[in-house]
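Only one structure is covered here, and it is reproduced in the block below.
The values are calculated or read from the model by the stated rules, or taken from the named source; none is laboratory data. Here the structure is a predicted model, which means the values were calculated and not measured. Cβ: placed from backbone, ideal geometry, glycine included. Neighbour counts: every protein chain shown.
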Amino acid sequence: MVQEYITRNWAYPVAFRLNLNKARSGNLQAMDKEKERFLNLVNSFAEPPKAIITDSQAMDIMWRWVPDNINLTTFSIIMINYMSRGRLNLFVKGLEAFKRLKEEDKILIVEACNHSRIAEDIGTVQIPNYLQKRIPGITIEHNFGREFYDNDRIKEYKLIIHCGGCMITSQKLSARIRDLINIGVPFTNYGLVLSYMQGEEALKKVLKIWE
Ligand code: SF4
């Protein structure tokens, strides 16, 4: 969808597969080599790319490797902005809830489809691991698929972390947003959380292009 959107707007996308195993290996030589392979592509154009869009789960690497003069954002952030019709700011605001979370609280991770999950799955492994480390004892639950829990149940959660929402319609996502605002439950998004996990600088970097 993103590539189609870019092409339709007369720009052109270039795809690159980062070897995350090498990038995270801890082996300095392998890491440098992978970084060099990435930067060789980035620097091979007559003009620097207007933006680099990464899989959100690679933010631990990408926010460090993407040169400061190039915008960086993630697919999940793009998708939630697109599907919510430009209301990314509401999801950014939801990150404030992190400052208030306590060990007895419950968080709901929401994925709008039932895709097959790999070992390092964002929703079931990466984000829960981070949350448990940050707030030991916090309860993390999941809502997978197109049906969303009803408001009485949603009220139990102190934060909703939503995927990019590409498998539901904008109307359906808007209805979720409306309900969450009405019942006063903060919500944010995978790409934003995975950037926030890397610190303020990384979050600032993925949001710059949306200013
Ligand atoms: S709905 Fe889209 S963004 Fe959400 S989990 Fe499924 S594929 Fe990923």
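Contact map, the range 109-123: residues that are more than 15 Å from Tyr149 (Cα to Cα) paired with residues that are part of a strand (DSSP E or B) and among the hydroxyl-bearing types (Ser, Thr, Tyr), Cβ distance under 8 Å, separation 6+ or inter-chain. No pairs are found. If you take the residues in the range 9-53 that are under 25 Å from the mean Cα position of the chain (by Cα) and small (Gly, Ala, Ser), which one is surrounded by the most Cβ atoms within 10 Å (Cβ to Cβ)? Applying the filter and picking the extreme gives Ala23.
Within the range 182-205, the set of residues being more than 14 Å from Val92 (Cα to Cα) and aliphatic (A, V, I, L, M) comprises just one member, Ile183.
I'd like to check something: does the range 192-207 contain any residue that is within 14 Å of the ligand (Cβ to nearest atom), over 22 Å from Thr73 (Cβ atoms) and outside the structural domain of Ile53 (by TED's automatic domain parsing)? No, the range 192-207 contains no residue that is within 14 Å of the ligand (Cβ to nearest atom), over 22 Å from Thr73 (Cβ atoms) and outside the structural domain of Ile53 (by TED's automatic domain parsing). What's the number of the only condition in (1) surrounded by 17 or more Cβ atoms within 10 Å (Cβ to Cβ); (2) touching a helix residue (DSSP H, G or I) at 6+ places or on another chain (Cβ under 8 Å); (3) not in a strand (DSSP E or B) that Asn182 fails to meet? Result: Asn182 fails condition (1) only. For the range 62-79, indicate whether the set of residues that are of a type in the set (Asp, Glu) and under 28 Å from Lys208 (Cα atoms) is non-empty. Yes, the range 62-79 has at least one match. Show me the helices (runs of 4 or more DSSP H) entirely contained within the range 67-146 in which 3 or more residues are in contact with a Leu (Cβ under 9 Å, 6 or more places away or on another chain), within 14 Å of the ligand (Cβ to nearest atom) and of a type in the set (A, V, I, L, M). So the answer is 75-83. Scanning the range 100-121 for residues that are under 25 Å from Lys155 (Cβ atoms) and among the β-branched types (Val, Ile, Thr) gives Ile107, Ile109, Val110. In the set (1) touching a Leu at 6+ places or on another chain (Cβ under 8 Å); (2) closer than 24 Å to Leu72 by Cα, Val185 fails one condition alone, (2).
Only a single criterion out of (1) surrounded by fewer than 17 Cβ atoms within 10 Å (Cβ to Cβ); (2) within 26 Å of Lys102 (Cβ to Cβ); (3) among the aromatic types (Phe, Trp, Tyr) is not satisfied by Phe187, namely (1).
If Met59 satisfies every condition in (1) more than 16 Å from the ligand (Cβ to nearest atom); (2) surrounded by 15 or more Cβ atoms within 10 Å (Cβ to Cβ) but one, which is the exception? It is condition (1) that Met59 fails.
Would you call Gly165 in a loop (DSSP other than H, G, I, E, B) and in contact (Cβ under 8 Å) with a residue 12 or more places away in the chain? Yes; evaluated as a whole, the condition is true for this residue.
May I ask you to verify whether Glu36 is assigned by TED's automatic domain parsing to the domain that holds Asn182, at pLDDT 95 or above, farther than 19 Å from Asn143 by Cβ and more than 16 Å from the ligand (Cβ to nearest atom)? No: the conditions fail for Glu36. A single member of Ala51, Ala112, Ala97 is farther than 25 Å from Ser174 by Cβ and of a type in the set (Gly, Ala, Ser), and it is Ala51. Filtering Leu95, Leu72 for residues that are touching a residue at least 12 places away in the same chain (Cβ under 8 Å) and in contact with a Lys or Arg (Cβ under 6 Å, 6 or more places away or on another chain) leaves a single hit, Leu72. If only residues of the range 155-167 that are buried (at least 19 other Cβ atoms within 10 Å of the Cβ) and within 16 Å of the ligand (Cβ to nearest atom) are counted, the one that is farthest from Lys93 (Cα to Cα) is Gly165.
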